[in-house]
1. Quick one: Thr143 ticks every box in (1) surrounded by 15 or more Cβ atoms within 10 Å (Cβ to Cβ); (2) at pLDDT 85 or above; (3) β-branched (Val, Ile, Thr) bar one, so which box is it?
2. Condition first: at pLDDT below 90 and either among the small types (Gly, Ala, Ser) or open to solvent by less than 40 Å² (accessible area, probe 1.4 Å) (or both). Now tell me which residues in region 149-167 satisfy that.
3. How many residues are more than 18 Å from the chain's Cα centre (by Cα), open to solvent by less than 70 Å² (accessible area, probe 1.4 Å) and either under 19 Å from Thr17 (Cβ atoms) or not hydrophobic (A, V, I, L, M, F, W, C) (or both) when one looks only at region 57-74?
4. Filter region 5-31 for residues that are under 21 Å from Val153 (Cβ atoms) and either polar (S, T, N, Q) or part of a loop (DSSP other than H, G, I, E, B) (or both) and give the result.
5. Quick check, is Arg39 surrounded by fewer than 18 Cβ atoms within 10 Å (Cβ to Cβ), basic (Lys, Arg) and modelled with pLDDT under 85?
6. Hey, can you tell me all the residues within region 40-74 that are out of contact with any strand residue (DSSP E or B) (no Cβ under 9 Å at 6 or more places or on another chain) and of a type in the set (Lys, Arg)?
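The values are calculated or read from the model by the stated rules, or taken from the named source; none is laboratory data. None of the values given here were measured: they were computed from a predicted structure. A quick note on method: Cβ atoms are made from the backbone with ideal geometry, for glycine too, and the neighbour counts reach across all protein chains shown. Heavy atoms of the whole protein, side chains included, go into the accessibility calculation; ligands, DNA and RNA do not. Shrake-Rupley method; radii C 1.70, N 1.55, O 1.52, S 1.80 Å.
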Amino acid sequence: ATVGRLVVELGDVASATEVRDALARSLGDPTLELAFWLRGDLVGLDGRPSQLEPSDGRAVTVVSTHGERVAALRYDSSLLEEPALVEEAGAAAALALDNARLQTELRVEIARRGESDVTADGPLAALTARELEVLSLLAEGRTDRGIAQELYVTPKTVEAHVRSIFRKLDLPAESSENRRVHAVLTFLRAQAS
C-alpha cells in the first residue's frame, strides 16, 4: 500500500526536492537525503559534490535503472527492519529519480556554461552564477515558489534575483511586455549561440 501511494504521488512531482519529499513521506523518514550520479560523480540536489555514506544510525541504498546507478538514498537505519520496503520504494521511484537527475544535470551544465562560456560582451555576462541558475529554472517554467523550493531559499530571495536579472538584462518595464518571457528568450538565445 505504501509503495502504491508513492507511485501515485510521484505522478504529480516535477523536481528533485519533490521526489525526495515523496520518498521521505513514504518511508516515514523526514531526514531522508538524496543524491544523484552525474557523469560518475555523486552530487546533491544543489548540484554540488556529495558524500552519502552510511554513518551512525544512517544507511544508504543505491537506486539503479537499466543497470545504471541513478541515485543514492541515505535514511534512518531503522528502516532496514523492512529492507523490501526501501528497495520497492526505490524501484517505484526510479523513473522519477532519473528524471530529477536529468534536471539536476541540466542545471549543473547550465551553471558550468554560465561560468565558462559566457563572454564578456554576451547578454548574460553580467549575471551571477546564482542568477543564471534562477534564469535556467525560469526557462524550465518554474514559478518563484518552485524555484525557491528547488534552491532551498525563500520566495522573496527568488524575487530579488529575478528583479536583478531583469535589471541586468535591461528588460522593458512596460505593462504590455512580459519580462519573464523576454528573460527566458534572452537566455535561450545565448545558450544556442
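1. So the condition that Thr143 fails would be (1).
2. Within region 149-167, Glu150, Leu151 qualify.
3. Matching residues across region 57-74 total 5.
4. Answer for region 5-31, where residues must be under 21 Å from Val153 (Cβ atoms) and either polar (S, T, N, Q) or part of a loop (DSSP other than H, G, I, E, B) (or both): Val13, Ala14, Ser15, Thr17, Pro30, Thr31.
5. Answer is yes for this residue.
6. Hit for region 40-74 is Arg48, nothing else.
Results for (1) at pLDDT 85 or above; (2) in contact with a helix residue (DSSP H, G or I) (Cβ under 7 Å, 6 or more places away or on another chain), shown as yes or no for each residue.
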residue	(1), (2)
Thr31	yes, no
Leu34	yes, yes
Leu45	no, yes
Arg48	no, no
Ser55	no, no
Ala59	yes, yes
Val62	yes, no
Thr65	no, yes
Arg69	yes, no
